[in-house]
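Have a look at the structure below, then the notes.
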Amino acid sequence: MRVDVRYPEAVWQIRDVRAAIKAGDTVGELLEKRLEGLDADLTIKDAGEAGIARREKILGIAPLDTASLEDRRLEVLLRWYDIPLYTERTLCRKLDAALGEGNYTLTVDLDQKCITCQIELTRRLMLKSVQELLEQMVPLDYLFSVELRYNQYKDLKKYTYRQLKGKTWRQLRNEVIEFADDEVLRLS
């Protein structure tokens with residue numbers, strides 16, 4: 001959108017003013033062309049070479065040298081909208097595969113948009129992997145936390161003081177308790 005401004009003859013005769021106006025017109029035309037190009041690249045169907053190349057880079061597509069722009073556009077369209085549907089059931093299946101059934105507790109609060117996953121102590125080394133899985137699968141408008149499910153008093157009270165005496169408070173809370181007779185404390 002070019003605006004045509006008419007300057008008085010006295011102003012137009014000044015060489016510096018005339019040079020500044022021509023330079024501004026040149027920059028303005030270049031800006032308008034770039035904005036038109038960006039506007040055309042907003043949608044995949046209307047995108048030009050630059051828009052398709054940018055989306056190919058995002059998706060990790062290496063186009064063939066012989067592929068036409070339309071072929072590349074179709075490939076981008078197919079991959080851009082190929083987003084898997086993540087549900088709570090899918091998340092539970094993945095957690096079952098990674099941690100084993102019963103080795104975690106998953107709480108989903110749809111009203112608060114909050115997800116909490118508590119991992120059993122026996123699977124504590126998988127904490128970072130579960131965090132990465134939730135980062136990938138949980139929608140961005142949800143908050144999530146991954147925590148260890150610590151030993152609690154109710155789980156420890158079935159053991160005698162003599163059995164627990166050699167352990168520190170931190171060990172009793174944070175570690176899987178093993179006794180000489182290979183009895184392992186399991187959380188229910």
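Since every read-out is calculated from the coordinates, none of them should be taken as a lab result. Computed from a predicted structure; not experimentally measured. All Cβ positions, even for glycine, are placed from backbone atoms using ideal geometry, and neighbour counts span all protein chains on display.
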List the trypsin sites (Lys or Arg not before Pro) within region 26-64 that DSSP assigns to loop and that have no more than 15 neighbouring Cβ atoms inside 10 Å. Lys45
Dipole of region 1-157 [Lys/Arg +1, Asp/Glu -1 at C-beta], most positive-end residue of Met137, Leu99, Tyr86: Leu99
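How about region 61-149: which trypsin sites (Lys or Arg not before Pro) there lie in a loop by DSSP and see at most 14 other Cβ atoms within 10 Å?
Values: sites: Arg72, Arg73, Arg79, Arg89, Arg93, Lys94, Lys113, Arg123, Arg124, Lys128, Arg149; in loops: Lys113.
Those that pass, being in a loop and sparsely packed, are Lys113.
Restricting to DSSP loop positions (anything but H, G, I, E, B) with no more than 15 other Cβ atoms inside 10 Å of their own Cβ, which chymotrypsin sites (Phe, Trp or Tyr not before Pro) remain in region 1-105? All intermediate terms of the calculation are to be shown ahead of the outcome.
Details: sites: Trp12, Trp80, Tyr81, Tyr86, Tyr104; in loops: Tyr81, Tyr86.
Here the chymotrypsin sites (Phe, Trp or Tyr not before Pro) that fit, given the DSSP loop and packing criteria, are Tyr81, Tyr86.
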GNM on the chain, C-alpha springs below 10 Å: top fluctuator among Val146, Val138, Val11? Val11
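How much of the DSSP beta bridge set in the chain is antiparallel, as a percent to the nearest 5?
So the antiparallel bridges amount to about 50 percent of the total.
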Can you pull the Rg over Rh of region 63-112, Cα-only, Kirkwood? 1.32
Given contacts defined as C-alpha pairs under 8 Å and at least six residues apart, what's the relative contact order of the chain, whole-number percent? 11
Let me check I've understood the local charge: for Leu110, count other residues with C-beta under 12 angstrom from its C-beta, Lys and Arg +1, Asp and Glu -1. What total comes out? -3
